[in-house]
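Structure first, commentary second.
The values are calculated or read from the model by the stated rules, or taken from the named source; none is laboratory data. Keep in mind the model is a prediction, meaning the values are calculated, not measured. We place every Cβ from the backbone using ideal geometry, glycine too, and count neighbours over all the protein chains shown. Protein only, heavy atoms only, side chains kept; ligands, DNA and RNA dropped before computing areas. Shrake-Rupley method; radii C 1.70, N 1.55, O 1.52, S 1.80 Å.
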Amino acid sequence: MATALARRRRTNDAPYWPGFVDAMAQLLLVITFLLSVFIVAQFLLARQISGQDSALGQLRSKIAELSELLAMEKSSKGELETSLAGLTDDLAAEKSRNTELASMLEGESQKGSEAGTAISGLRTSLDKEKQISADALAKVELLNQQIGALRRQISQLSGLLSDAEQRNVTSQAQVVDLGRRLNSALAQRVQELSRYRSEFFGRLRQILSERPGILVVGDRFVFQSEVLFAKGSADLNPPGQLEMDQLAEAVHQLEGDIPGDIAWVLRVDGHTDSDPILSSTFKSNWELSAARAIAVVKYLIDKGIDPKHLVAAGFGEFQPIDPGDTEDAKSRNRRIELKLTER
């Protein structure tokens, strides 16, 4: 009786620090993954903002082109106004000459026919000058209308540019707020999953840690294959079924404790040693390791575990925990690993 009590005290006092280190390591991995997701989201949002900046650049380019055209129209208007002023001066000079000719006509009636011809020619020239002046005024009016239209377009584009810049500022603020909320939600989910992972592995340690052939390696429980399967077989033996019954009970409790919005799975990994397989059933160690992981998953499903919380994976001989080539090393490498992680 005293020996059993002493063993129970050693079991309860020993594994706190390794369990804490395991939980912290897993927490760091999950945080790293979630931060990567956040960086991708920020990258996609940054691409959207970059597209808006490109649109703003196109608007600015169009405004610059319109401003250049407006300057050209203003220059042309100035030239026409100068030409109009010259024509007005010419008109005034012609009027003065007309007055002089009229005076000469009154003073020299004997030269009436010649003066009349001269006056007719001057009137024809005057009419031409008036027509030129009218055409110039029409062109000036048309230019004024075009300048007004350009000014209205520039005003509209300026308004669009201001709206786009405001939307850009709003989008950047939304990105910052989304990042803050995402970080908060991720941190909360990481804490919750870490807490349930710690509780789950605490239960498994109580149930399985003192059994031979079962080890705790980091954040995983490791079953030696000999505990669960006969050599070269993927059928659970009776002792292995008893171990899986204990495991199924712990997973049932976990399903009831973890909220439904946390995506978690129990990953079952099959591993073999490096010896070539000599079996007509399995052509490679890949197939044997995968078949054993699937056998464990199927047994747990038969015990009522939800399939969406289970994952089976086969690694063959390519993930050894002991790089040695001795029989003991090979025995350690033949194993089934259980790991609680995110889906």
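Okay, here's what the table says:
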| item | result |
| --- | --- |
| Semi-axis lengths (Å, descending) of the ellipsoid that matches the C-alpha gyration tensor of the stretch 280-332 | 26, 13, 9 |
| VAL140 accessible area, 1.4 Å probe, all protein chains in place, Å² to nearest 10 | 20 |
| Residue-by-residue Karplus 3J(HN,Hα) for the stretch 316-325, coefficients 6.51, -1.76, 1.60, Hz, glycine and proline x | x, 9, 8, 10, x, 9, 10, x, x, 10 |
| Probe 1.4 Å - accessible area at VAL40, Å² to nearest ten | 80 |
| Lys, Arg +1 and Asp, Glu -1 on Cβ, resulting dipole of the stretch 236-301 about Cα centre, debye, nearest 20 | 300 |
| Solvent-accessible ranking of LYS231, LYS339, LYS62, largest area first, probe 1.4 Å | LYS231, LYS62, LYS339 |
| Radius ratio Rg over Rh of the stretch 23-94, counting only Cα atoms, Kirkwood formula for Rh | 1.72 |
| Amide H partners (placed H, <5 Å) of TRP264, local residues excluded | ARG343 |
| Euclidean distance of C-alpha centroids, the stretch 268-343 and the stretch 130-148, integer Å | 91 |
| Cut-off under 5 Å, modelled amide H: who pairs with PHE221 long-range | LEU338 |
